[in-house]
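The values are calculated or read from the model by the stated rules, or taken from the named source; none is laboratory data. Since the model is a prediction, treat every value here as computed from it, not as a measurement. Note that we place each Cβ from the backbone using ideal geometry, even for glycine, and neighbour counts take in every protein chain shown. Quick note on the areas: whole protein, heavy atoms, side chains included, nothing else; ligands and nucleic acids left out. Shrake-Rupley method; radii C 1.70, N 1.55, O 1.52, S 1.80 Å.
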Amino acid sequence: MKTSCPGRSHSVIALTRSLLAPLAFGAWLLGALLPSRAQAPRIIDDCRFADNAAASAVWRPMNGSAPPSMVTLEGAKVLRLSCKFATNPVDRASWDRRVALDLGDCSGVQFQFCCRNIAPVAYFSIYFESGSGWYASTFFPERSGWNTITIDKAATHTEGQPAGWNAIKTIRISAWRGGDADTAMFLRDLRKFGTLGQDVLVAILRCDSAAQSQPGEVTGTAQFAANVADVFQEAGLGCATLSDINVSAAELRKARLVVLPHNPTMPARTVAELTEYLQRGGKLLTFYGLNAKLRQAVKIDGGPYLKPPRPGYFSTMRFAPGALPGAPASVGQNSWNIAEPKPVAGASRVVAEWFDADGKPTGHAAVVASANCVEMSHVLLTDDRANKRRMLLAMAGYLAPELWAQTAATAIARVGQVAGFRSFEEARVQITRLAGPNDSALSLLAGAAKLRDDAATAHDQRRFAAACDLAAAAAQRLLEAYCTAQQPLPGEFRACWCHSAFGVPGMDWDAAIQRLAENGFTAILPNLLWGGVAFYQSKVLPVSPAVAERGDQIAKCLAACKKHGLQVHVWKVNWNLGDAPREFAEKMRSEGRLQVSSLGKEEPWLCPSHPANQQLEIDAMVEVARNYDVDGIHFDYIRYPDGDHCYCAGCKQRFEQASHLTFGQWPQAVLTQGPARLAWLEWRRDNITRVVKAVSEQVRAAKPKVKLSAAVFRNWPSDRDSVGQDWKLWCDRGYLDFVCPMDYTESDAQFGNWVKSQQEWAGKVPCYPGIGASATPVNMGADRVIGQIQLARQHGTRGFVIFNYGATEAKDLVPLLGKGVTRKE
């Protein structure tokens with residue numbers, strides 16, 4: 001989802017000797033590349049109904065929501081959807097519009113949206129019903145006035161078993177409760193955008209069929225499709241996401257290039273349609289395998305599925321010089337396995353090979369190319385993003401050379417679109433103001449302007465690949481100028497979560513901690529124990545076998561932190577077994593200590609109501625505090641997995657004992673509308689709180705200076721019921737020394753709204769918001785992270801925690817932040 005706000009200046013850039021507006025130029029360029037054809041109707045609903053009755057006949061309220069109405073706003077008739085949260089106990093206000101809609105060959109939908117009081121709303125969502133399922137996405141407006149909301153199909157997720165984007169029968173708009181006050185949203189001009197063959201040239205064929213045949217692949221196939229779409233769009237190539245359920249060769253022929261981002265399953269009809277597309281001259285870019293029946297058409301053979309013999313084995317893809325024009329020399333990607341393609345003699349060739357973390361060749365193909373296909377041996381991950389953009393451009397440009405021109409024009413037009421600025425001129429003015437007398441920032445700004453001019457000259461000369469490189473360099477220089485112009489705030493808590501128990505890939509703990517310290521960070525929260533495994537010498541939890549080879553990770557991290565002056569708050573994932581030894585997991589299962597859903601499905605999480613599990617969690621965290629000179633202990637997953645756990649036999653017995661009730665119908669008695677529902681929710685909360693209280697008391701008794709903290713869900717009023725996480729109570733009772741809500745969003749307005757509420761709930765306990773720099777599906781650049789740091793400062797949090805400290809963050813993000821906003825002084 002992307003949000004833009006009307007009323008701000010748009011970029012105008014010199015691509016030739018005259019000035020051309022980027023959008024006008026893009027339209028001209030696409031007109032030159034595509035055959036002329038009538039534009040398909042794009043308006044879905046202008047929302048300009050004659051009266052309230054007409055609006056109510058089309059947009060039907062659900063779940064007790066208020067009927068829609070028509071109002072005049074800023075001189076125009078618009079649809080009003082009232083959210084009655086003050087008196088209505090529903091979780092969300094929702095409205096359905098029945099349609100018979102084909103969104104198959106477009107990028108997604110856009111609409112104009114306004115909500116003047118966002119405080120009572122946690123987030124908004126839009127759903128598209130198809131078949132027996134839905135496509136869904138969340139969004140949030142950036143301004144209290146009108147916003148253009150863009151919903152890209154590639155960024156949606158599926159619920160149930162949708163039947164394809166060309167058979168949409170309902171559109172649903174929802175506002176989710178975030179507070180107990182009334183508000184309203186206003187809607188107009190719901191339309192399609194990015195129609196294939198009209199204004200986009202690349203089609204991504206998403207594996208929606210996985211929901212029917214391989215449901216375990218649904219999340220992965222959606223994520224990898226989104227990865228490809230995001231990188232293409234960053235590179236200036238718009239995409240239309242199609243469903244593999246019912247696509248046709250005629251539809252595919254509208255595309256210059258079809259992409260298979262990860263398609264482990266494919267309907268036979270789709271295979272036939274793709275074969276026809278290729279036989280008629282179509283081009284294919286595919287990742288992590290290809291249907292065997294398509295291989296003859298692309299003349300690339302299938303090879304073995306390979307797991308790396310050691311960590312870091314598949315670490316970098318290196319392109320042979322000149323093998324793929326425009327490709328970077330190497331692209332970083334830490335792949336956990338590959339499906340290696342094999343070239344066909346005289347028809348295809350290896351253009352890139354895998355190298356390991358030590359820079360040694362593995363002998364395995366990373367990319368193979370034929371005349372009509374490029375195949376990469378793994379999915380596209382989002383590490384080394386700049387080189388990923390260039391690699392995808394080179395792949396696309398090799399298969400469809402005309403795409404280079406579109407990309408170059410868009411890349412130049414986008415120089416200046418940093419930190420919410422809409423043009424280079426706006427960026428120049430604002431960065432100059434921020435920089436003041438900062439000569440370093442001003443010098444970088446001048447360098448960006450020069451590179452931008454050079455890119456325009458290269459475009460004039462039809463050196464499109466060079467124009468892309470120069471535009472990328474200009475954008476990077478401008479970003480560095482913006483970062484350098486920022487100011488640090490003394491005395492701030494600046495931390496990173498580090499999800500890997502072994503720190504940053506490619507760095508030892510000393511180097512990783514030194515990088516943080518040099519760039520003004522004050523703490524790290526390393527993930528060093530789970531519900532069923534420890535990465536240090538523990539007498540409470542099973543010790544990971546890797547400790548014998550790689551050493552005690554708490555000791556190593558702690559030594560580095562002491563050396564470089566950083567705090568270390570050891571992060572525990574509670575309840576979730578993680579990569580626990582098989583015998584330990586089996587022991588938990590045999591003792592009835594694992595969680596069970598309402599449908600009886602077992603999960604690899606310890607049941608929080610089991611006394612032995614509670615004691616295990618307490619003992620593991622207290623052991624760390626007693627045995628190591630750490631600065632803090634950090635709870636995570638200190639909750640239930642969701643609202644559908646735990647209903648094991650032990651929970652029934654223990655709840656009956658606690659409530660003095662007997663339940664014949666289990667778990668129906670405690671599900672929604674069940675007679676014991678409220679008591680059940682309170683009991684679940686008590687199970688979690690009991691552990692937090694005990695750890696807090698025992699750690700403080702053993703080590704009074706050790707701080708207790710927790711990573712928590714962001715919406716306390718609903719999360720205390722849904723996952724049993726009553727973190728406001730923990731703050732009120734003093735169990736925590738600081739709390740870190742995981743505020744992972746790209747929306748600054750949503751982030752600020754959450755932080756404001758969270759500080760109220762935290763009371764006197766410091767609230768350091770979590771910024772999702774690389775939290776799936778969020779992936780923010782340094783400018784966006786800076787924006788949220790500044791919002792946290794505006795709300796007076798005096799600190800923040802960034803997720804996640806990995807290789808990309810150590811290489812790119814942390815040094816950029818260290819230039820200004822976290823600069824060490």
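Quick rundown of the values:
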| read-out | value |
| --- | --- |
| Region 694-717, subset part of a helix (DSSP H, G or I) and buried (at least 17 other Cβ atoms within 10 Å of the Cβ), residue modelled with the lowest pLDDT | 716 |
| Lone qualifier among 465, 396, 448 - being of a type in the set (A, V, I, L, M, F, W, C) and surrounded by fewer than 23 Cβ atoms within 10 Å (Cβ to Cβ) | 465 |
| Which numbered condition residue 107 misses (of (1) of a type in the set (Gly, Ala, Ser); (2) under 26 Å from residue 52 (Cα atoms); (3) touching a Cys at 6+ places or on another chain (Cβ under 9 Å)) | (2) |
| Of all residues in region 110-122 being within 19 Å of residue 181 (Cα to Cα) and assigned to a strand (DSSP E or B), the one that is modelled with the lowest pLDDT | 122 |
| Residue 381 part of a loop (DSSP other than H, G, I, E, B) and either open to solvent by 10 Å² or more (accessible area, probe 1.4 Å) or not aromatic (Phe, Trp, Tyr) (or both) | yes |
| Residues satisfying the stated conditions in region 554-571, i.e. of a type in the set (Val, Ile, Thr) and assigned to a helix (DSSP H, G or I) | 554 |
| Residue match in region 212-224 (condition: more than 30 Å from residue 719 (Cα to Cα) and either buried (at least 22 other Cβ atoms within 10 Å of the Cβ) or free of Cβ contacts under 8 Å to residues at least 24 places away in the same chain (or both)) | no |
| Odd one out for residue 401, checked against (1) open to solvent by 60 Å² or more (accessible area, probe 1.4 Å); (2) modelled with pLDDT of 95 or more; (3) over 26 Å from residue 808 (Cβ atoms) | (2) |
| The one condition in (1) at pLDDT below 90; (2) open to solvent by 60 Å² or more (accessible area, probe 1.4 Å); (3) not β-branched (Val, Ile, Thr) that residue 33 fails to fulfil | (2) |
| Subset of region 434-445 [within 32 Å of the chain's Cα centre (by Cα) and open to solvent by 30 Å² or more (accessible area, probe 1.4 Å)] | 434, 444 |
| Out of 727, 680, sole residue that is aromatic (Phe, Trp, Tyr), within 25 Å of residue 495 (Cα to Cα) and at pLDDT 95 or above | 727 |
| Any hit, region 225-246, residues being over 21 Å from the mean Cα position of the chain (by Cα), at pLDDT 90 or above, charged (D, E, K, R) and open to solvent by 30 Å² or more (accessible area, probe 1.4 Å) | no |
| Residue, farthest from the chain's Cα centre (by Cα), within region 745-764, restricted to residues that are buried (at least 20 other Cβ atoms within 10 Å of the Cβ) and not in a helix (DSSP H, G or I) | 747 |
| Residue match in region 305-328 (condition: farther than 17 Å from residue 379 by Cα, open to solvent by 50 Å² or more (accessible area, probe 1.4 Å), assigned to a loop (DSSP other than H, G, I, E, B) and touching a Lys or Arg at 6+ places or on another chain (Cβ under 8 Å)) | no |
| Test: residue in region 356-373 that is touching a residue at least 12 places away in the same chain (Cβ under 8 Å) and touching a Gly at 6+ places or on another chain (Cβ under 6 Å) | yes |
| Condition met for residue 732 (in contact with a Gly (Cβ under 9 Å, 6 or more places away or on another chain) and under 18 Å from residue 525 (Cα atoms)) | no |
| Filter result (assigned to a loop (DSSP other than H, G, I, E, B) and touching a Gly at 6+ places or on another chain (Cβ under 9 Å)) within region 257-272 | 262, 263, 264 |
| Every pair of residues 6+ apart whose Cβ atoms lie under 6 Å, when the first sits in region 812-824 and is part of a loop (DSSP other than H, G, I, E, B) while the second is of a type in the set (D, E, K, R) | 822/494 |
| Residue in region 572-597 that is nearest to residue 541 (Cα to Cα), counting only those that are over 29 Å from the mean Cα position of the chain (by Cα) and assigned to a loop (DSSP other than H, G, I, E, B) | 581 |
| The listed residue being over 30 Å from residue 145 (Cβ atoms), at pLDDT below 95 and surrounded by fewer than 20 Cβ atoms within 10 Å (Cβ to Cβ), out of 160, 164 | 160 |
| Given (1) more than 28 Å from residue 752 (Cα to Cα); (2) exposed (fewer than 15 other Cβ atoms within 10 Å of the Cβ); (3) hydrophobic (A, V, I, L, M, F, W, C); (4) at pLDDT 90 or above, index of the condition residue 19 fails | (4) |
| Filtered residues of region 718-739 (kept if surrounded by fewer than 23 Cβ atoms within 10 Å (Cβ to Cβ) and either of a type in the set (Gly, Ala, Ser) or within 22 Å of the chain's Cα centre (by Cα) (or both)) | 718, 719, 722, 723, 734 |
| Selection count where residues are out of contact with any helix residue (DSSP H, G or I) (no Cβ under 6 Å at 6 or more places or on another chain), open to solvent by 10 Å² or more (accessible area, probe 1.4 Å) and farther than 29 Å from residue 237 by Cβ, scope region 100-118 | 3 |
| Selection from region 236-280 of residues that are under 21 Å from residue 195 (Cα atoms) and without any contact (Cβ under 8 Å) to a residue 12 or more places away in the chain | 250 |
| Within region 279-304, tally of residues that are in a strand (DSSP E or B) and open to solvent by 30 Å² or more (accessible area, probe 1.4 Å) | 1 |
| Those residues of region 123-150 which are open to solvent by less than 10 Å² (accessible area, probe 1.4 Å) and not in a strand (DSSP E or B), in sequence order | 140, 141 |
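Quick grid of which residues meet (1) open to solvent by less than 30 Å² (accessible area, probe 1.4 Å); (2) of a type in the set (A, V, I, L, M, F, W, C); (3) modelled with pLDDT of 95 or more:
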| residue | (1), (2), (3) |
| --- | --- |
| 482 | yes, no, yes |
| 490 | no, no, yes |
| 502 | no, yes, yes |
| 519 | yes, no, yes |
| 524 | yes, yes, yes |
| 529 | yes, yes, yes |
| 551 | yes, no, yes |
| 558 | yes, yes, yes |
| 569 | yes, no, yes |
